1. Is it fair to say Arg154 is among the basic types (Lys, Arg), surrounded by 20 or more Cβ atoms within 10 Å (Cβ to Cβ), within 29 Å of Pro275 (Cβ to Cβ) and within 16 Å of ligand 2 (Cβ to nearest atom)?
2. Report the residue count in segment 110-143 for those that are β-branched (Val, Ile, Thr) and assigned to a loop (DSSP other than H, G, I, E, B).
3. Hey, among the residues in segment 16-31 that are assigned to a loop (DSSP other than H, G, I, E, B) and within 22 Å of Glu96 (Cα to Cα), which one's farthest from ligand 2 (Cβ to nearest atom)?
4. Under the condition of being within 32 Å of the chain's Cα centre (by Cα) and among the polar types (S, T, N, Q), which residue from segment 111-143 is most open to solvent (accessible area, probe 1.4 Å)?
5. Which residue is modelled with the lowest pLDDT, if the candidates are limited to segment 32-63 and must be surrounded by 15 or more Cβ atoms within 10 Å (Cβ to Cβ) and either among the basic types (Lys, Arg) or within 16 Å of ligand 2 (Cβ to nearest atom) (or both)?
6. So is Arg154 in contact (Cβ under 8 Å) with a residue 12 or more places away in the chain, assigned to a loop (DSSP other than H, G, I, E, B), under 26 Å from Ile187 (Cα atoms) and near ligand 1 (Cβ under 10 Å from one of its atoms) or not?
7. With (1) assigned by TED's automatic domain parsing to the domain that holds Pro203; (2) among the small types (Gly, Ala, Ser); (3) under 26 Å from the mean Cα position of the chain (by Cα) as the list, and Gly89 as the residue in question, which single condition is left unmet?
8. Could you check, for segment 260-279, whether at least one of its residues is without any contact (Cβ under 8 Å) to a residue 12 or more places away in the chain and out of contact with any Cys (no Cβ under 7 Å at 6 or more places or on another chain)?
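The values are calculated or read from the model by the stated rules, or taken from the named source; none is laboratory data. On a predicted model such as this, the values are computed, not experimentally measured, just so you know. With ideal geometry, Cβ positions are generated from the backbone for all residues, glycine too; neighbour counts draw on all protein chains shown. Note: areas computed on protein heavy atoms with side chains; ligands, DNA, RNA excluded. Shrake-Rupley method; radii C 1.70, N 1.55, O 1.52, S 1.80 Å.
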Amino acid sequence: MKEVAKSVAGKLRDAGYVAYFAGGCVRDALLGEEAKDYDIATSATPEQVQKVFPNADAIGAHFGVMLVKRDGIHFEVATFRTDGSYHDGRRPESVEFSSPEEDAQRRDFTVNGLFQDPETGEVIDYVNGQADLKARVLRAIGNPVERFQEDALRLLRAVRFATTLGFEIEAKTWEAVCDNAHLLEKISIERIQAEFSRIIVSPNRRRGLELLVDSGLINYFLPEVLDLIGCEQPPQWHPEGDVYVHTCIMLEMLGDEEVPLTLALAVLLHDIGKPATYTYDEEDQRIRFNGHDAVGADMSEVILRRMKYSNDTIEDVRVMVANHMNFMHVQLMKVSKLKRFMSRDTFDQEIELHRVDCASSNGFTDNYDFVLAKREEFANEPLIPEPLIKGRDLMELGLSPGPKFKEILTAVQNEQLEGRLKDSEAAIAWVKEKYGI
Ligand code: ATP
Ligand code: MG
């Protein structure tokens with residue numbers, strides 16, 4: 001991709017324009033990481049870019065952004081520009097084409113404000129971004145308060161980059177994030193969700209959540225998490241502390257790789273029903289959270305719908321939260337029930353949620369080990385095999401369709417899952433015997 005990006009910049013240069021790699025790709029290259037995409041900044045205006053690349057798409061020509069496709073890869077080619085005044089806290093009223101130096105000034109953080117000459121590899125640094133990159137510091141370009149007031153999405157981007165890059169947020173920048181957190185109200189939930197998702201799947205997801213809580217940003221899209229703070233738990237089961245601490249430790253225990261979004265969200269929300277179900281059992285002298293799994297599943301659905309997650313994501317998380325306590329019963333389940341329990345698409349993620357749920361608190365591993373052993377044991381056959389008989393078979397036995405059908409078919413499936421029925425003939429004989437047909 002880098003080579004293709006170089007050739008795009010090369011064509012602009014051959015036509016007499018300046019063309020640099022800009023922003024994230026320069027940052028990632030200097031960190032020794034693979035860039036996800038290459039953005040090119042140029043002195044050519046959108047019309048001039050169009051002349052060099054007749055097939056370029058004028059996606060944001062108004063802001064100076066053209067989309068150039070080459071070898072099946074898309075590149076954003078953007079004219080050096082200055083942003084005009086911001087009135088709505090989201091986007092500039094107008095832009096003016098200008099110099100690379102001014103273009104660097106309009107970018108959000110110093111480490112995102114670097115250019116690189118694709119030919120020579122020379123880094124062009126108007127914002128002291130290289131020093132911050134070395135020191136692993138995230139610092140707003142210019143006056144942080146003004147920059148967040150211009151565009152409130154930058155508040156969340158500050159937390160996102162600090163999280164994904166593992167950088168400290170510079171003191172004045174952090175102060176400005178905290179003081180201006182309320183400006184996030186101006187930002188659409190779709191854009192908030194996109195940033196939040198990148199934070200919560202990141203290897204540093206625990207710190208990401210803590211930054212969102214400590215800055216107050218989370219108030220504006222997921223305030224329910226704040227109720228976990230100070231929600232005490234029975235110390236014999238949860239020596240680690242309150243529900244918030246428990247959840248933070250779990251997020252960390254998911255490990256040093258990115259995790260699937262549904263797993264991260266399910267861990268974050270698995271005990272979200274605890275504050276609402278908190279009771280003190282005087283008789284047993286202990287705290288209880290009866291039904292917190294079901295309440296939490298409903299709350300998760302409401303929260304994720306409000307955040308405009310996809311229906312599939314919402315459903316997976318809902319199911320995972322609803323079932324997280326059932327792991328306590330796996331060793332007592334009948335084989336048929338256990339197989340159904342294990343047959344959900346989300347099951348592998350549920351095992352991981354259960355692992356960190358225990359590891360962060362009581363340290364029990366018996367249910368986890370049991371489930372892993374069972375998964376191994378059942379690995380060679382489908383958990384839910386083809387049914388031995390269908391409704392048609394029951395009709396042939398002279399039964400007429402109705403609620404009884406489902407009851408009989410489920411009973412046959414139970415016997416099949418338990419390994420007591422192996423083929424259709426045996427199943428039909430069993431039905432005749434059992435239901436007196
Ligand atoms: P990644 O692609 O990994 O998310 P990135 O740095 O490429 O990181 P983008 O959102 O793709 O981030 O934006 C590209 C560049 O545009 C940034 O590096 C930054 O210079 C600039 N930029 C993006 N969004 C903003 C913003 N809201 N305010 C100021 N500059 C921004
Ligand atoms: Mg990018």
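1. no
2. Looking only at that region, the number is 3.
3. Gly16
4. So the residue we want is Asn128.
5. Phe63
6. Spelling it out, it is not the case that Arg154 is in contact (Cβ under 8 Å) with a residue 12 or more places away in the chain, assigned to a loop (DSSP other than H, G, I, E, B), under 26 Å from Ile187 (Cα atoms) and near ligand 1 (Cβ under 10 Å from one of its atoms).
7. Exception for Gly89: condition (1).
8. Filtering segment 260-279 for residues without any contact (Cβ under 8 Å) to a residue 12 or more places away in the chain gives 279.
Filter once more, keeping what is out of contact with any Cys (no Cβ under 7 Å at 6 or more places or on another chain): 279.
Yes, segment 260-279 contains at least one residue that is without any contact (Cβ under 8 Å) to a residue 12 or more places away in the chain and out of contact with any Cys (no Cβ under 7 Å at 6 or more places or on another chain).
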